[in-house]
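Working notes for the structure below.
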Amino acid sequence: MQIHLKTLGCRLNEAELETWSREFAALGHRITGNLIDADLVVINSCAVTGEAVRKSRKLMRKAHRSNPRAKLVVSGCFASLNPDETADTLGVDLVVENGEKDRLVEITSKKLELHTMPALATLPGQSSLLATGRQRAFVKVQDGCRYQCTFCIVTQARGEERSRGIGEIIEEINHLHSQGINEVALTGVHLGGYGSDCNSDIGHLIRSVLAETDIPRLRLGAIEPWDLPPDFWDLFTDSHLMPHLHLPLQSGSDTVLRRMARRCKTTEFQGIVEQARDRVPDFNLTTDVIVGFPGETEDEWQQTLAFVEQIGFGHLHIFAFSPRPGTRAATLPYPVPRELIRERSQALHALGQRLKRDTLSRYLGRSMKILVEDRPSTGNSWNGYTPNFLRVALGDTGSENLTNRILGIRLTGLSPEDDQLIGEIEQT
Ligand code: SF4
């Protein structure tokens, strides 16, 4: 069968899609990038914001309208929070909720009576990921979360914490590396909660991956600023572990953090950052901030701006507060007017751009290694990321295909938009 897979939302959804793609290919099915050619369409939906819900509904409708002949399977957070609505959506043949999504390929094969053709199975060495122009693989190591941040619907959609076995994870990473992948990112809903259900922790996992795989570049997906093991920063002495963390702050005001039921005050966050910068050379910190949380006063907002400036993040992901039905925050009083949320988001965006330019400027004249990822459709300028996740554009390098190469480069300038560095190849 020709199978088309589509995901919305987080890195974890992407990691699940990559796993399903490999599993379907191992059964002899072909993965197609074209919805129209597919016999089966699989959607991994999202519900993290109102916008994500709107997109999930739209994607299901579009899949059936564009290819009514194909079977349609829907999984993910939207489908898990709204199983009946999803099942009643025109064209949907099967709903696989989050609790069962690790067995999606098996359940789909059985319920939709898919014929397997092992003879056509993808041969080892043919990376479906590289074939789709991706050089970084997301590896799911954990699911679910025991916490209840008041704005978060994910903890409801994904349930209790559960960890994959270290052996299974190492086998997957070695398999990806054997297929030519040079970089993997470990992802989870609450990455810091890895091992809470099996007497292990994220430190043990990282140490095992570094010891038992030869993957050149190991990254960590977003990780909450708590539940970090005491020896966490020692792990970064291994140059295969990339010195970048995405550490969601959400607000720079302790009173807002309390209303969010976050488990990290600004002083604790500051402490984590100081440790990281003391112990890890070139450590780069990026984050998430929610703008317009219910009751956010002008004073609380100014605290957030000041704290973000004080930390000096390398990049900000900015989210306008989106009340999720079923969360405590959705019923909190004093909603912030949309217009004010827009104003505050613009101010934070401008601050984020300045902090990013300051971060990038600190690396001018330095030599670093990048993994070359992509090249815009027009022109010969390749792009890639440094170990600490700074984006670099290489000037015109001629026609040689540099995809997936790890190159030594010299950082010579900033792009006109100040959003990435310019580099020249030093060694290949
Ligand atoms: S820790 Fe993260 S996943 Fe868990 S409830 Fe809070 S925001 Fe959601």
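The values are calculated or read from the model by the stated rules, or taken from the named source; none is laboratory data. Just so we're clear, the structure is a prediction, and the values are computed from it rather than from any experiment. Cβ atoms come from the backbone with ideal geometry, glycine included; neighbour counts cover every protein chain shown. All accessible areas refer to the heavy atoms of the entire protein, side chains included, with ligands and DNA or RNA removed. Shrake-Rupley method; radii C 1.70, N 1.55, O 1.52, S 1.80 Å.
Please pick out the residue among V141, V154 that is open to solvent by 20 Å² or more (accessible area, probe 1.4 Å), touching a residue at least 24 places away in the same chain (Cβ under 8 Å) and within 16 Å of the ligand (Cβ to nearest atom).
Going through V141, V154 in turn, just one is open to solvent by 20 Å² or more (accessible area, probe 1.4 Å), touching a residue at least 24 places away in the same chain (Cβ under 8 Å) and within 16 Å of the ligand (Cβ to nearest atom): V154.
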- prompt: Hey, L355 hits all of (1) closer than 30 Å to V291 by Cα; (2) surrounded by fewer than 17 Cβ atoms within 10 Å (Cβ to Cβ) but one; which does it fall short on?
  reply: (2)
message: Every residue in the stretch 269-286 that is of a type in the set (A, V, I, L, M) and more than 16 Å from the ligand (Cβ to nearest atom), please.
response: V273, A276, V280, L285
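Residues are listed down the side, and each one gets a yes or a no for (1) open to solvent by less than 20 Å² (accessible area, probe 1.4 Å); (2) in contact (Cβ under 8 Å) with a residue 40 or more places away in the chain; (3) not in a helix (DSSP H, G or I):
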residue	(1), (2), (3)
E51	no, yes, no
R54	no, no, no
L59	no, yes, no
H64	no, no, no
P68	no, no, yes
V74	yes, no, yes
D84	no, no, no
A87	no, no, no
E100	no, no, no
query: Can you name every residue in the stretch 264-277 that is of a type in the set (D, E, K, R) and closer than 25 Å to M242 by Cβ?
result: E268, E274, R277
query: Hey, G192 hits all of (1) at pLDDT below 95; (2) within 16 Å of the ligand (Cβ to nearest atom) but one; which does it fall short on?
result: (1)
query: When T266 is evaluated against the numbered criteria (1) modelled with pLDDT of 95 or more; (2) under 22 Å from the mean Cα position of the chain (by Cα); (3) more than 25 Å from R366 (Cβ to Cβ); (4) more than 16 Å from the ligand (Cβ to nearest atom), which criterion, by number, is the only one it fails?
result: (2)
- request: Give the residue, chosen from D282, D288, that is more than 22 Å from Q156 (Cβ to Cβ) and either touching a helix residue (DSSP H, G or I) at 6+ places or on another chain (Cβ under 9 Å) or not assigned by TED's automatic domain parsing to the domain that holds L81 (or both).
  value: D282
query: With (1) modelled with pLDDT under 95; (2) part of a loop (DSSP other than H, G, I, E, B); (3) on the phi < 0 side of the Ramachandran plot as the list, and L130 as the residue in question, which single condition is left unmet?
result: (2)
Tally of residues being within 13 Å of the ligand (Cβ to nearest atom) and hydroxyl-bearing (S, T, Y) across the stretch 178-189: 1
- line: Among residues of the stretch 220-257 being away from the ligand (no atom under 15 Å from the Cβ) and among the polar types (S, T, N, Q), the residue least open to solvent (accessible area, probe 1.4 Å) is S253
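Please pick out the residue among P335, P325 that is at pLDDT below 95 and closer than 30 Å to D254 by Cα.
That would be P325, the only listed residue that is at pLDDT below 95 and closer than 30 Å to D254 by Cα.
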query: Pick from the stretch 160-198 the residues that are β-branched (V, I, T), open to solvent by less than 10 Å² (accessible area, probe 1.4 Å) and under 20 Å from G99 (Cα atoms): which of them is nearest to the chain's Cα centre (by Cα)?
result: T187
message: Need pairs with beta-carbon distance below 6 Å; first residue at pLDDT 95 or above and within the stretch 284-298, second of a type in the set (S, T, N, Q) and part of a loop (DSSP other than H, G, I, E, B); sequence gap 6+ or separate chains.
response: N284/N388
Cross-chain or 6+ apart pairs with Cβ under 8 Å, the stretch 201-223 first and touching a residue at least 40 places away in the same chain (Cβ under 8 Å) and polar (S, T, N, Q), then open to solvent by 50 Å² or more (accessible area, probe 1.4 Å) and part of a helix (DSSP H, G or I): T213/N174; T213/H177
